[in-house]
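K.L.:
Just dropping this structure here.
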Amino acid sequence: MNSRIAERVDFLILGAGVAGLRAALTLTEHGSVLVVTKEACRESNTHYAQGGIAVAMGGERDVALHLEDTLMAGDDLVYRPAAEVLVREGPERIEELMRWGARFDSHDGVLMRTREGAHSLPRILHANGDATGAEIGRALEVAIRNSSRIKLAEWVVSCALVMAEGRVVGADLVDADNCVHRVLAYGTLLATGGAGQIYSETTNPSVATGDGIALALSAGAVLADMEFYQFHPTALNLPGAPRFLLSEALRGEGAHLVNEAGERFMERYHPMLELAPRDVVARAIVREAFASGPEQEQAVYLDMRSVRSIHPTERFPGISRFLAAYGLSLEKDRIPIHPAAHYLMGGVRTDISGRTSVPGLFAAGEVAATGVHGANRLASNSLLEGLVFGARAAEAMVAEASPGAVATFLEAEIATTPRPSFANATKTSSPETLIEALIVDLRSMMWRSAGLLRDEQSLTTGLQTLDEIAERLSSIPAYHAFSRRSVEAHSMVSVARAVLVSALARRESRGAHFRNDFPEKLASYRQMHTIYHPDQTVTFEPLDA
């Protein structure tokens, strides 16, 4: 990070995952760009994406099949225009990425492809076996660091959006020394990723606390489909180990799911077996785990021991190294697994060019809700989403940042007095300890109340607990209100409330949202998206309304 953050730039990007970095590369052709990230540039969900990136590079028929698979997985809630953009523009974005130096696995000059859940054919590109996100992030990071017009501010937290006459005109940023900087810009892009940390069981890194969603709400933006949180079926379930993601590509290469008795069970739940949509597989695993009763959880395993078509250690080197640290081997052992929160299908409501309901504010990637995933994201569509919609959001930002469109707003009287700097304030440990305890309580509550299986009682109880957490959080002293952890805690409360309220409002089961008290999918909710407003009310609307 530069020792001083610029007070004005043409374009401000909050987040340095695939969507933010891809947007920056378009924006740099039109002005100065500041990319802000909470930690190092590579610490994002993008970096940890293992399996690959789905793309149809075989012509019109291939594209049409990719669209069909996306629509099917989304369970009658995918916004078709967004899905069409994803699958049609995807090949161009991948070819562009390879020109920038991304290296996907190939054999004799031909790109290797694998298959994952709910895909009708192999179309998943991968890199370094199981490090696709890291390779895509590497290529994009190299490209932005080679641009003199893109500045990267690492270890900086976004604590508020700056408003003028109903328009977002920048953001307040807190650096590693706890000093607050106000940055003004013609356009601001939220590319802050997901919010998996609101759950106690998650594959997401610690930075995924939903900050961008909370910022958008505070600026008056509406959200969509917040009840649809995807739980990845296969996270490592081992005492003392993190919930490490075990890629869907393992099942794509032939791994089976077995219960404690060693029985393969997916035939009881879906004709696509282990390659059924993620929501189906995740719930099947939970049902097998508690088949003997709610108080008798049994182990469920991923079993790759019978796979002979590949060498698991070579195909999945990162996963193999991680498992080896815990004395496990894909070739020799059944790997204990359990679902964990993985991906938010909802987020800040945008059109297919990243525009939110607030002028000057754009969103792309996991933080955004274009409707492209519907009620359940198709495996490996997420990285492609970041590339495609990051580029489209950048184009929209350029179009709306023309002198004719915003000739006066930067000349207007905007209060630029920075918020107080707490760099030299006396620090005490007790508020930070309280914040951590409240976060633990929130995450535990969300897993119990709004996990894979919900009902009115669990959701209502969750909201009551959340109110108590929010009240205690409001008592934090001023210094700590600007600490990173306090900002994250407030963000998590806002996002958790949106999930709970939205889940309570949707009285049916669809995709990743399953209500025990309303187990059926209702025709009346088809293509009706849950719109969450800043006043915490919910309406149901089609996205093209």
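The values are calculated or read from the model by the stated rules, or taken from the named source; none is laboratory data. Model, not experiment: these values are computed from the prediction. Because the Cβ atoms are built from the backbone with ideal geometry, glycine has one as well, and the counts that use them run over all protein chains shown. Remember, those area values only see protein heavy atoms, side chains included, never the ligands or the DNA or RNA. Shrake-Rupley method; radii C 1.70, N 1.55, O 1.52, S 1.80 Å.
K.L.:
Would you work out what percent of the accessible area of the stretch 301-351, with all protein chains in place, is carbon or sulfur (probe 1.4 Å)? It would help to have the intermediate numbers written out before the result.
P.N.:
Working: 1060 of 2110 Å².
C and S fraction of accessible area: 50 percent.
K.L.:
Give the distance, in whole Å, between the Cα centre of the stretch 293-346 and the Cα centre of the stretch 158-190.
P.N.:
Value for the Cα centre distance between the two parts: 42 Å.
K.L.:
How far apart, in nm, are two points set 7 Å out from the Cα along the Cα-to-Cβ line at Trp155 and at Glu89?
P.N.:
It works out to 3.6 nm between the two label points.
K.L.:
Mind grabbing the accessible area of Val18 for me, 1.4 Å probe, Å², rounded to tens?
P.N.:
10 Å²
K.L.:
Given H placed 1.01 Å from N in the peptide plane, which residues other than close sequence neighbours of Ser509 have an amide H under 5 Å from its amide H?
P.N.:
Arg515, Glu520, Lys521, Leu522
K.L.:
So if I take the centroid of the Cα atoms in the stretch 102-140 and the same for the stretch 513-545, what is the distance between those two points in Å?
P.N.:
Each part reduced to its Cα centre gives a spacing of 35 Å.
K.L.:
Stretched out fully, how many nm does the piece from Thr537 to Ser148 gain, at 0.36 nm a residue minus the Cα gap? Walk me through the numbers on the way to the answer.
P.N.:
Details: separation 389, 0.36 × 389 = 140.04 nm, distance 4.45 nm.
Between Thr537 and Ser148, full extension yields an extra 135.6 nm.
K.L.:
Moving on to the next point. Using the Karplus curve 6.51 cos²θ - 1.76 cosθ + 1.60 with θ = phi - 60°, work out ³J(HN,Hα) for each residue of the stretch 341-352 in order, rounded to whole Hz, and write x for Gly and Pro.
P.N.:
Values per residue, Gly and Pro as x: 4, 10, 8, 8, 6, x, x, 6, 5, 9, 7, 7 Hz.
K.L.:
Next question, about the same structure. For every helix of n ≥ 4 consecutive DSSP H residues, a contribution of -39,500 (n - 2.57) applies; sum these over the chain, divide by its total residues, and give [θ] at 222 nm rounded to the nearest 500 deg cm²/dmol.
P.N.:
Values: 15 runs with 183 residues, N = 545.
Taking each H run of at least 4 residues, the total per residue is -10500 deg cm²/dmol.
K.L.:
Just the number, please: Stokes-Einstein D of the stretch 255-365 in µm²/s, Kirkwood Rh from C-alpha pairs, 25 °C, 0.890 mPa s. Before the final figure, lay out each step's value.
P.N.:
On the way: Rh = 16.8 Å.
Reported coefficient: 146 µm²/s.
K.L.:
Okay, next question. Apply the Karplus curve 6.51 cos²θ - 1.76 cosθ + 1.60, θ = phi - 60°, to the phi angles in the stretch 71-87 and return the couplings in whole Hz, x for Gly and Pro.
P.N.:
Couplings: 5, 5, 4, x, 6, 6, 10, 5, 7, 3, x, 5, 5, 5, 4, 4, 6 Hz.
K.L.:
Still on this structure: If you count, for each residue, the other Cβ atoms within 10 Å and average over each peptide, how do 258-271, 213-226 line up from highest to lowest?
P.N.:
Values: 258-271: 14.1, 213-226: 24.6.
Ranked by mean Cβ neighbours within 10 Å, highest first: 213-226, 258-271.
K.L.:
Now for a different question. Report the one residue of His533, Val501, Gly511 whose Cα lies farthest in the direction of the positive end of the charge dipole of the stretch 440-545 (charges on C-beta: Lys and Arg +1, Asp and Glu -1; origin at the Cα centre).
P.N.:
Final value for the positive-end residue is Gly511.
K.L.:
Would you work out if the stretch 176-322 is rounded, prolate or oblate? Take a ≥ b ≥ c from the square roots of the eigenvalues of the alpha-carbon gyration tensor; rounded if a/c is under 1.5, else prolate when a/b is larger than b/c, oblate otherwise. Write out the running numbers ahead of the final one.
P.N.:
Details: a/c = 2.36, a/b = 1.91, b/c = 1.23.
Prolate, since a/c reaches 1.5 and a/b exceeds b/c.
K.L.:
Output the 0 to 90 degree angle, nearest 10, between the alpha-carbon long axis of helix 456-473 and the longest principal axis computed from the alpha carbons of the chain.
P.N.:
Approximately 40 degrees, to the nearest ten.
K.L.:
Let me ask something additional. Can you tell which of Val207, Gly166, Gly196 lies farthest toward the positive end of the dipole of the stretch 143-221, using +1 and -1 charges on the Cβ of basic and acidic side chains (Lys, Arg; Asp, Glu)?
P.N.:
Selected residue: Gly166.
K.L.:
Full extension from Arg321 to Leu522: what is 0.36 nm times the residue separation minus their Cα-Cα distance, to one decimal in nm? Display every interim value, and only then the final one.
P.N.:
Numbers: separation 201, 0.36 × 201 = 72.36 nm, distance 4.49 nm.
Fully extending the segment from Arg321 to Leu522 adds 67.9 nm.
K.L.:
Moving to a separate point now. Expected output is a single nm value to one decimal: the length gained when fully extending between Ser218 and Glu471, i.e. 0.36 nm times separation in residues minus the C-alpha distance. What is it? Let's see the in-between values first.
P.N.:
Working: separation 253, 0.36 × 253 = 91.08 nm, distance 1.77 nm.
Result: 89.3 nm gained on full extension.
K.L.:
Now, a different point. Which of Ile337, Val110, Ser444 sits farthest toward the positive end of the charge dipole of the chain, with +1 on the Cβ of Lys and Arg and -1 on the Cβ of Asp and Glu?
P.N.:
Going by the charge dipole, the pick is Val110.
K.L.:
A further question on this structure: Under a Cβ-only charge scheme (Lys and Arg +1, Asp and Glu -1), can you give me the dipole magnitude of the chain about the Cα centre, in debye to the nearest 20? Mind dumping the intermediate values first?
P.N.:
Working: 52 positive and 67 negative charges, 121 e Å.
Dipole about the Cα centre, nearest 20: 580 debye.
K.L.:
Take every DSSP beta bridge with both residues inside the chain and express the antiparallel ones as a percent of the total, to the nearest 5. Mind dumping the intermediate values first?
P.N.:
Working: 44 of 64 bridges.
Beta bridges within the chain, antiparallel portion: roughly 70 percent.
K.L.:
Here's a follow-up. For a paramagnetic label modelled at 7 Å from the Cα of Gln296 toward its Cβ, which residues of the stretch 244-288 fall within the zone defined by backbone nitrogen distances under 17 Å?
P.N.:
So the set is 259-263, 286-288.
K.L.:
Give me, ordered by chain and number, the residues 5 or more places off Ala221 or on other chains with an amide H under 5 Å from its own placed amide H.
P.N.:
HN-HN under 5 Å from Ala221: empty list.
K.L.:
Can I ask one more? To the nearest 0.05, what FRET efficiency results for Glu400 and Ala40 with a Förster distance of 35 Å applied to their C-beta separation?
P.N.:
Details: r = 31 Å, r/R0 = 0.88.
Here the calculated transfer efficiency is 0.70.
K.L.:
Sticking with this structure for a sec: Against the longest alpha carbon principal axis of the chain, how many degrees, from 0 to 90 and to the nearest 10, is the axis of helix 18-27 turned?
P.N.:
Helix 18-27 sits roughly 40 degrees off the main axis of the chain.
K.L.:
Now, a different point. Run the simple label-point estimate for Arg305 and Val440 please: 7 Å along Cα→C-beta, distance reported in nm.
P.N.:
3.7 nm
K.L.:
Between Asn381 and residues 5 or more places away or on another chain, which pairs have amide H atoms under 5 Å apart, with H built 1.01 Å from N, and which residues are they?
P.N.:
For Asn381, the qualifying residues are Ala54.
K.L.:
With θ taken as phi - 60° and the coefficients 6.51, -1.76 and 1.60, list the Karplus ³J(HN,Hα) couplings across the stretch 163-177 in order, rounded to whole Hz; mark glycine and proline as x.
P.N.:
10, 8, 6, x, 10, 6, 10, x, 8, 8, 10, 10, 8, 5, 8
K.L.:
Another one. What accessible area per residue comes out for the chain, rounded to a whole number of Å², with a 1.4 Å probe?
P.N.:
Working: 20480 Å² over 545 residues.
Averaged over the residues of the chain, the accessible area is 38 Å².
K.L.:
May I pose another question? So, by mean Cβ neighbours within 10 angstrom, what's the order for 511-517, 197-203, 236-242 with the highest one leading?
P.N.:
Numbers: 511-517: 21.3, 197-203: 24.3, 236-242: 14.4.
Ranked from most to least packed, the peptides come out as 197-203, 511-517, 236-242.
K.L.:
Can I ask one more? Among 276-287, 379-390, 139-150, how do they line up from the highest to the lowest mean number of other beta-carbon atoms within 10 Å? Working shown, then result.
P.N.:
Numbers: 276-287: 22.7, 379-390: 28.8, 139-150: 16.7.
With the highest mean Cβ count within 10 Å placed first, the list reads 379-390, 276-287, 139-150.
K.L.:
Ok, one more. Working from Cα positions, state the angle (0 to 90°, nearest 10) between the long axis of helix 132-145 and the longest principal axis of the chain.
P.N.:
Here the helix axis deviates by roughly 20 degrees.
K.L.:
Return the Cα extents of the chain along principal axes one, two and three, sorted largest first, each rounded to a whole Å.
P.N.:
Largest to smallest, the principal-axis extents are 68, 55, 49 Å.
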